[in-house]
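Inspection log for the structure reproduced underneath, given as structure tokens.
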Amino acid sequence: MSTDTQPGAESPADAFVAQPFLREQLGLDGARSRGGDRNGDGGADRVDDGGRSRLPVDIRASLELVRPPHGRFHGAKFSLGYFPAHDVFATDADKFGYLTKPRVRARSRLPLNATSRALLEKLGHLMGNSGRETAPDSATPSGFTYVGQFVDHDITLDVSSALDAPELVDANVINNMRSPMLDLDSVYGKGPAVDAFLYAAPAPGEPPSAFRMLLGSNLPSGLGGAGGTAGAAGMVAHTDFDVPRTSALTAIIGDPRNNENLIVSQLHHAMLRFHNAIVDSLVASGFTGDVFVEAKRQATLHYQWAVVHDFLPRICGQAAVDAALAATDLGHPNSPFRMPVEFSVAAYRFGHSMIRDEYWLNFELRNKPMTDVFRFIHEPHLPVRSNWVVDFNAFFETGIAVPVFNSARKIDSVLASALEDLDGNGLPNELMGVLAARNLLRGLVLGLPSGQATAAALGVPVISGAALTAGLPADEIAVLEEEGGLLLEKTPLWYYILREAMVATGGEHLGPLGAKIVADTFVRMLRRDALSLLNVAFAPTLGATPGSFTFADLVRVAKVIGA
């Protein structure tokens, strides 16, 4: 981490002195000034407070799209006034920060002006253009696309940075509303003593500490899910293969983003069953300690093991993971930490390029488009229809054969065209409608350094402009060469990391810079957690192979892949 990061904010004035759009949302300046019609639209975008304030574009879009039938919490922005004051203002509140020093960022970042915004909008639209998905798939199972999303929701949540901020936003005062540890708080919340609504009480005669995760029901719609070794003949009409939901069908889970699409929601459901399977085993063995505490400990450590030994090597390459684990300067228990935006806004967004346009979901649902993967996790398809239960044998290497195995797309600057319009309403400017453009603009507003400068600062070889553009379509090269080649000289970090992956590894995993940022950040998070597998004696016991544990093992233990 850069040593120039600021200490935690001591007062509202200290925290948001340079961010008027956040100060306005919190009412920190007393009576809000009347801003007039800044957009020339008669004030249509202002909140109903007498015309005294304007909601940032991110918040306006979010408030519309978190409502049914959209339910789009991924990328949603809210006023910090929605959250407990301690989580916003306390000196120990988790924040974002930077890996690179201010001088590196100042010299290499794109200017925050209309020209840069227009170039990034244009580049982002090209990245999602239909018909560019011509490269063969990667060797990585598609399940790891959604493992990456699940893990992201376990460690980061930025609710307040704004795409339309008129000035640079300092990441050091942006709150991270998730604990930056691999502690499964998105599953467990604050535990059964506080978040009792997430839990099922122990059965009669069981230890009083045998708390299981609450499961949901299914909308009866026929056979679905995994058939196991029997194939299609093994499918059943599931009744309890969904996350729990309220009477209004809102998911009762620790992070609503894990209900944004069918696959990640079903993966969250598998995590609930994983905990419950461990509780079942402990009760059956006559365990005499606190069953919940031990089950959570085992589930968390096995999850961490799978992240380090299964997920990260596939995404970063084994060499980068080994180098991070061998490093001696990546933190220690309870060491200070700020989630670097070079990670959260750039390097870790590799997964967006791995998303497929279509997925084989089960023996009855073949080649379903990504729009259906989003549509069938919202009304009127809730609870999850029994025939839409996902067969994870098609997403992880479980050893159980399926007709079509979903491999992830390669990591590169080509995004599945389905991401252009996730709501299927033909309005590409809706929240998340043009995912690439929003990613690029987020990096611009946060003042991220260029890919070239970041590589140099971290001691990683810089790829040349010729390599960066090799094999790209002519229209994309043309955008990079506009304004005297501005985007080639100061290449946006996220875009650079995607192109580096294709140049260095053929898109099979991240290249040297992306891999270093991702692997180092994960190891730093684990090193500072006194209870993580890097700080306690632990060897996995639940895998098919002694001393090993993978995400394929996790879905097997969770009993979601059939017999």
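The values are calculated or read from the model by the stated rules, or taken from the named source; none is laboratory data. Keep in mind it's a predicted model, so treat the numbers as computed, not measured. Glycine also receives a Cβ, built like all others from the backbone with ideal geometry; neighbour counts cover every protein chain displayed. Only protein heavy atoms, including side chains, enter the accessible area calculation; ligands, DNA and RNA are left aside. Shrake-Rupley method; radii C 1.70, N 1.55, O 1.52, S 1.80 Å.
Roughly what angle does helix 435-445 make with the longest principal axis of the chain, taking Cα atoms, 0 to 90 degrees, to the nearest 10?
So the helix axis and the longest Cα principal axis differ by about 50 degrees.
If you add up the charges near GLU397, with Lys and Arg at +1 and Asp and Glu at -1, over every other residue whose beta carbon is less than 12 angstrom from its beta carbon, what do you get?
Combined, the nearby Lys, Arg, Asp and Glu give 0.
If you plug each phi of the range 248-256 into the Karplus form 6.51 cos²θ - 1.76 cosθ + 1.60 with θ = phi - 60°, what whole-Hz ³J(HN,Hα) values come out, in order, with x for Gly and Pro?
8, 6, 6, 5, 9, 9, x, 8, x
Could you rank the peptides 511-520, 90-99, 109-118 by their average count of other C-beta atoms within 10 Å per residue, with the highest value first? Don't skip to the answer; put the middle values down first.
Details: 511-520: 26.8, 90-99: 19.1, 109-118: 15.4.
Output ranking for 511-520, 90-99, 109-118: 511-520, 90-99, 109-118.
To the nearest whole percent, what portion of all C-alpha pairs in the range 181-231 is separated by more than 12 angstrom? Before the final figure, lay out each step's value.
Numbers: 943 of 1275 pairs.
Tail of P(r) above 12 Å: 74 percent of Cα pairs.
Expressed as an acute angle from 0 to 90° and rounded to the nearest 10, what is the orientation of the C-alpha long axis of helix 493-505 relative to the principal long axis of the chain?
60 degrees
Using each residue's phi in the range 227-241, evaluate 6.51 cos²θ - 1.76 cosθ + 1.60 at θ = phi - 60° and report the 3J(HN,Hα) Karplus result to the nearest Hz, with x for Gly and Pro.
With coefficients 6.51, -1.76 and 1.60, one gets x, x, 5, 7, x, 4, 5, x, 5, 10, 8, 5, 10, 9, 10 Hz.
Over the chain, give the accessible area per residue in Å² for a 1.4 Å probe, as an integer. Please report the intermediate quantities before stating the final value.
Working: 21280 Å² over 563 residues.
Computed with neighbouring chains in place, this is 38 Å² per residue.
Taking all protein chains in place and a 1.4 Å probe, what share, in percent, of the accessible surface of the range 211-286 do carbon and sulfur account for? Write down the numbers at each step before the final one.
Details: 1510 of 2520 Å².
Percent of accessible area from carbon and sulfur atoms in the range 211-286: 60.
In a shell of Cβ-Cβ distance under 9 Å around LEU126, excluding LEU126 itself, what net charge do Lys and Arg (+1) and Asp and Glu (-1) give?
On the way: positive: LYS122, ARG132; negative: ASP475, GLU476.
Computed value for this residue: 0.
Using packing as a proxy for protection, rank 76-83, 141-148, 343-350 so that the peptide with the highest average count of other Cβ atoms within 10 Å comes first. Display every interim value, and only then the final one.
Values: 76-83: 17.8, 141-148: 23.9, 343-350: 25.4.
Highest mean packing first, the order is 343-350, 141-148, 76-83.
For the chain, what is the calculated [θ] at 222 nm in deg cm²/dmol (nearest 500), taking -39500 (n - 2.57) for each run of four or more DSSP H residues and dividing by its residue count? Let's see the in-between values first.
Values: 20 runs with 199 residues, N = 563.
Calculated at 222 nm, the ellipticity per residue is -10500 deg cm²/dmol.
Against the empirical 2.2 N^0.38 Å scaling, what ratio does the C-alpha Rg of the range 498-561 come to?
Working: Rg = 15.9 Å, N = 64, 2.2 N^0.38 = 10.7 Å.
Normalised by 2.2 N^0.38 Å, the Cα Rg of the range 498-561 equals 1.49.
Compute the Rg/Rh shape ratio of the range 429-482: radius of gyration over Kirkwood radius, all on alpha-carbon atoms. Provide the component values of the computation, followed by the final result.
Details: Rg = 13.8 Å, Rh = 13.3 Å.
Reported Rg/Rh, Kirkwood definition of Rh: 1.04.
If the cut-off is 27 Å between C-alpha atoms, which lysines fall inside it for LYS296, apart from same-chain ones fewer than 8 positions away?
Here the lysines satisfying the reach criterion relative to LYS296 are LYS95, LYS190, LYS559.
Among DSSP bridges having both ends in the chain, what percentage is antiparallel? Round to the nearest 5.
Values: 11 of 14 bridges.
Expressed as a percentage, antiparallel bridges in the chain total about 80.
Give me, ordered by chain and number, the residues 5 or more places off GLY216 or on other chains with an amide H under 5 Å from its own placed amide H.
Those lying under 5 Å, H to H, from GLY216 are ASP242, VAL243.
Could you tell me the convex hull volume per residue, in Å³, taken over the Cα atoms of the chain? Let's see the in-between values first.
Numbers: hull volume 87.8 nm³, N = 563.
Considering the Cα atoms of the chain, their hull volume per residue is 156 Å³.
Taking the Cα centre as origin and putting +1 on Lys and Arg beta-carbons and -1 on Asp and Glu beta-carbons, what dipole magnitude results for the range 210-356, to the nearest 20 debye?
Value, rounded to 20: 240 debye.
Work through the residues other than GLU358 whose Cβ is under 10 Å from its Cβ and net out their charges, Lys, Arg +1 and Asp, Glu -1.
Details: positive: ARG356, ARG366, LYS368; negative: ASP357, ASP372.
So the environment of GLU358 carries a net charge of +1.
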